[in-house]
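The block underneath contains the structure these notes are about, expressed in C-alpha cells.
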Amino acid sequence: MANLLAAEVYSHITKGGVLRSHRRETIQSGRLSDLEYLKLALESKLNSNYSVKYKTTLRYTYRDIVDASNGNKLCADGLSAMLNRYTNATSYNTFRRHVNALINEAVNLGMDERDLLKNKSKKAKAKLHKPFRDIGLILDEIKAFNSNLYLCCLLTYGCLLRPHREIRELCWGDFSNDLSQIHLSGHRNKSGRNRIVPVPRYIRENLHAGDLNCNVFSGNQKAYNQDYFKCLWRRFKSQSKLIDTNQTLYSFRHSGAIEIYKRTGSLVKLQKVMGHSSLNVSLTYLRGLEVAELTEEDMPKV
C-alpha cells in the first residue's frame with residue numbers, strides 16, 4: 001500500500017501538482033525543467049527493449065539537444081539550427097526522428113506540450129538495395145572463408161532472419177526437435193511479435209544440434225559480441241572478388257525476399273516470413289529492392 005501511495009504522489013508532482021510540506025506552510029512543487037524531463041525521457045528509452053545502436057544514437061541526440069538548449073529550456077530556434085547542420089536528407093530525417101522520439105517521451109512524462117520541431121522532414125532520394133545474382137557461387141566462397149559466416153548467410157537468405165541480433169543470438173533451443181522450424185519470442189526480434197520460421201532442407205544439412213541452452217555459433221551459453229558478424233563480413237569482403245561495393249550481409253535477406261515474392265506473389269506471406277509489422281513495411285521493402293510490378297505483357301501494344 002505504501003508503494004502504491006508513493007507512486008501516486010510521484011505521478012502527481014511530476015505532472016505539475018503541488019503538495020504542502022508535512023506540518024509546515026511551504027509548498028513542494030514537482031514541476032521539472034525541460035532538460036530534466038528530457039533526461040527522464042532518455043532514461044525511459046534506455047530501459048526499454050531497443051537495440052544497442054538505437055540507444056547509442058539516442059544518447060548522442062540527447063547531448064546535442066542539451067547543447068542547443070537555452071539554459072534549462074528547450075527552444076525551437078536552437079533545435080532548428082541543430083537540425084540544419086545535416087545537409088544529407090537521410091541523416092537529417094534520422095536525427096529529426098530521434099529528437100522527436102525524446103521530446104514525445106518527455107511530453108508523456110509531464111513536460112509542456114508545444115511546437116518545438118518546426119522543421120519538416122526532407123524528401124530523401126530512394127536508395128536501391130542490391131541483391132545477389134549468383135547466390136550459390138557467393139555462398140561457396142564464404143564457406144571456404146569461415147563456417148560461422150557461411151551459416152549466418154544461409155540463415156539470412158533461407159530463413160530471412162536479421163543477422164546481427166536474431167541470428168547471432170540463436171540457441172539450439174530456438175529450433176524444433178527436427179530442426180525444421182525456428183521459434184523466436186517477441187523480445188528476440190525487431191517486430192516485437194512471436195515468430196515461427198521454417199528452415200529449408202539445405203540449411204538443416206549444415207546444422208549439428210548441441211545443448212539446448214548453447215549458442216549456435218559460440219558453442220556456449222553466451223553469444224558472440226554484437227560486432228561479430230560485422231567484422232567477419234568486412235574481412236571477407238576485403239578479399240572477395242564477387243561482392244560489389246554496396247552489398248552487405250543484409251543483401252542475402254533482400255535476395256531471399258525477392259525470391260519469395262516472385263514465387264508466391266503474396267505480400268501477406270512475405271510480411272509473415274520477413275517479420276514486418278505491416279503490409280506497408282513490406283511494400284516499402286520491395287520498392288527499395290526495385291522489384292518490377294509490371295511485365296512486358298502489361299505494357300501498351302501497337
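The values are calculated or read from the model by the stated rules, or taken from the named source; none is laboratory data. These numbers come from a predicted model, not from an experiment. Glycine gets a Cβ as well: all are built from the backbone with ideal geometry, and neighbour counts include every protein chain shown.
Just a few scattered comments:
Listed here are the residues, each with its yes/no results for (1) touching a helix residue (DSSP H, G or I) at 6+ places or on another chain (Cβ under 6 Å); (2) surrounded by 20 or more Cβ atoms within 10 Å (Cβ to Cβ).
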residue	(1), (2)
61	yes, yes
68	yes, no
74	yes, yes
87	no, no
114	no, no
145	yes, no
153	yes, yes
158	yes, yes
167	yes, yes
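- Taking the range 185-197 as the range and being outside any loop (DSSP other than H, G, I, E, B) and either in contact with a Gly (Cβ under 7 Å, 6 or more places away or on another chain) or without any contact (Cβ under 8 Å) to a residue 40 or more places away in the chain (or both) as the test, the residues that pass are 186, 188, 195, 196.
- Scanning the range 139-154 for any residue that is farther than 23 Å from residue 239 by Cβ, in a helix (DSSP H, G or I), modelled with pLDDT of 90 or more and not assigned by TED's automatic domain parsing to the domain that holds residue 91 turns up nothing.
- Looking only at the range 210-255, residues that are touching a Cys at 6+ places or on another chain (Cβ under 7 Å), in contact (Cβ under 8 Å) with a residue 60 or more places away in the chain and either more than 16 Å from residue 142 (Cα to Cα) or of a type in the set (Asp, Glu) (or both) come to 1 in all.
Listed here are the residues, each with its yes/no results for (1) over 23 Å from the mean Cα position of the chain (by Cα); (2) among the small types (Gly, Ala, Ser); (3) under 30 Å from residue 12 (Cα atoms); (4) not assigned by TED's automatic domain parsing to the domain that holds residue 228.
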residue: 72; (1), (2), (3), (4): yes, no, yes, yes
residue: 83; (1), (2), (3), (4): no, no, no, yes
residue: 115; (1), (2), (3), (4): yes, no, yes, yes
residue: 119; (1), (2), (3), (4): yes, no, no, yes
residue: 177; (1), (2), (3), (4): yes, no, no, no
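- Against the test of being touching a Phe, Trp or Tyr at 6+ places or on another chain (Cβ under 9 Å) and either charged (D, E, K, R) or more than 30 Å from residue 163 (Cα to Cα) (or both), the options 63, 59, 96 yield a single qualifying residue, 96.
- Remark: residue 141 falls outside the filter, which requires a residue to be without any contact (Cβ under 8 Å) to a residue 24 or more places away in the chain and either of a type in the set (Ser, Thr, Tyr) or surrounded by fewer than 18 Cβ atoms within 10 Å (Cβ to Cβ) (or both).
- Qualifying positions in the range 256-286 - of a type in the set (Ser, Thr, Tyr), free of Cβ contacts under 8 Å to residues at least 24 places away in the same chain and surrounded by fewer than 17 Cβ atoms within 10 Å (Cβ to Cβ): 264, 266, 278, 284
- Residue check, residue 97 part of a helix (DSSP H, G or I), more than 19 Å from the chain's Cα centre (by Cα) and under 26 Å from residue 226 (Cα atoms): no
- With respect to the stated conditions, residue 92 fails to be outside any helix (DSSP H, G or I), surrounded by 14 or more Cβ atoms within 10 Å (Cβ to Cβ) and of a type in the set (Phe, Trp, Tyr).
- Whichever residue in the range 18-49 is surrounded by 15 or more Cβ atoms within 10 Å (Cβ to Cβ) and at pLDDT below 80 and, among such residues, is nearest to the chain's Cα centre (by Cα): 32
- Selected residue [loosely packed, with under 12 Cβ neighbours inside 10 Å and within 22 Å of residue 49 (Cβ to Cβ)] from 187, 183: 187
- Taking the numbered list (1) in contact with a Cys (Cβ under 7 Å, 6 or more places away or on another chain); (2) surrounded by fewer than 17 Cβ atoms within 10 Å (Cβ to Cβ); (3) within 21 Å of residue 136 (Cβ to Cβ) in turn, residue 207 passes all entries but (1).
- Answer from 9, 52 - the residue that is touching a strand residue (DSSP E or B) at 6+ places or on another chain (Cβ under 9 Å), at pLDDT below 85 and surrounded by fewer than 17 Cβ atoms within 10 Å (Cβ to Cβ): 9
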